[in-house]
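One structure is given below, encoded as structure tokens.
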Amino acid sequence: MGDFVKSGDERRLRKALGNYVRNGYGGSSTATQRMGKAASAASGLFDLLSRGQTTNDIAAGEAPALDLATLAGLPHNEIADRIADAVNPGDISLDDAGTREAIAEAISSVLGENEDADITSLPAELAEECYVRTLSISAFKILVADIGAAIWRAAHGNAPLANERLKDISDYLREVYRAQYVKMKALGTSISRNNSARIAREITALVMDTFESYLE
């Protein structure tokens, strides 16, 4: 990771991510398990956004953790925080805290880019965008928990440099996760409440496989 921090070269970032997966976790399978909270967070968020509180859900005893109707008219940051609390309540660990931050960041950014969007009836494409962003941002938070200290050491106290490289990594993860999701959809996969958890795990596995392949 040190070479990437110094140069900002994407090829060195790819190599660093490959080392993170292969040498840090012994391969993509274990690295995928490490990212388990990211998949759970994305799935939980999609479940909430895609159903709201419908009559069928309540009749089946499956009322959601949060009634989206209660969020109508609230500022984006408050909407994001309340959804994050509902999907991943409590800060049991650093990963839990990072997951909540990821959910809130994903929601806030999507709503900020779509000012007319109604959180109580979010279009499918925006719910999916929140899903993919939560997946990639959560993975980024986990990665930073693992190797963030190494990035700061390589920056030798240069905060602007360290923050720039962290943004580079975050942006790169977002691109890779989105590319895998788009590829899945092109192959005919359709996300739903029933399969969102499985799809999140499969995308994560594909991303970790991709990272490990950078060392080949």
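Looking only at residues of segment 202-216 that are modelled with pLDDT of 95 or more and among the hydrophobic types (A, V, I, L, M, F, W, C), we find that the one that is most open to solvent (accessible area, probe 1.4 Å) is L206. The residue of segment 68-84 that is least open to solvent (accessible area, probe 1.4 Å), among those that are free of Cβ contacts under 8 Å to residues at least 24 places away in the same chain and within 16 Å of the chain's Cα centre (by Cα), is A84.
Among I151, I191, I199, I169, which is the only one that is assigned to a loop (DSSP other than H, G, I, E, B) and either buried (at least 17 other Cβ atoms within 10 Å of the Cβ) or among the aliphatic types (A, V, I, L, M) (or both)?
I191
Looking at segment 143-160, I want the residues that are over 17 Å from A102 (Cα atoms) and have a partner that is exposed (fewer than 15 other Cβ atoms within 10 Å of the Cβ) with Cβ atoms under 7 Å, at least 6 apart or on another chain. Which pairs are those? So the pair list comes out as A154/G2; A154/K6.
Consider segment 85-124 and keep the residues that are assigned to a loop (DSSP other than H, G, I, E, B), among the aliphatic types (A, V, I, L, M) and surrounded by fewer than 21 Cβ atoms within 10 Å (Cβ to Cβ). The one that is modelled with the lowest pLDDT is I92.
The values are calculated or read from the model by the stated rules, or taken from the named source; none is laboratory data. The structure displayed is predicted, hence computed values, not measured ones. Note: ideal-geometry Cβ built from the backbone for every residue, glycine included; neighbour counts use all protein chains shown. Side chains are part of the model used for accessible areas, which takes the heavy atoms of the whole protein and leaves out ligands, DNA and RNA. Shrake-Rupley method; radii C 1.70, N 1.55, O 1.52, S 1.80 Å.
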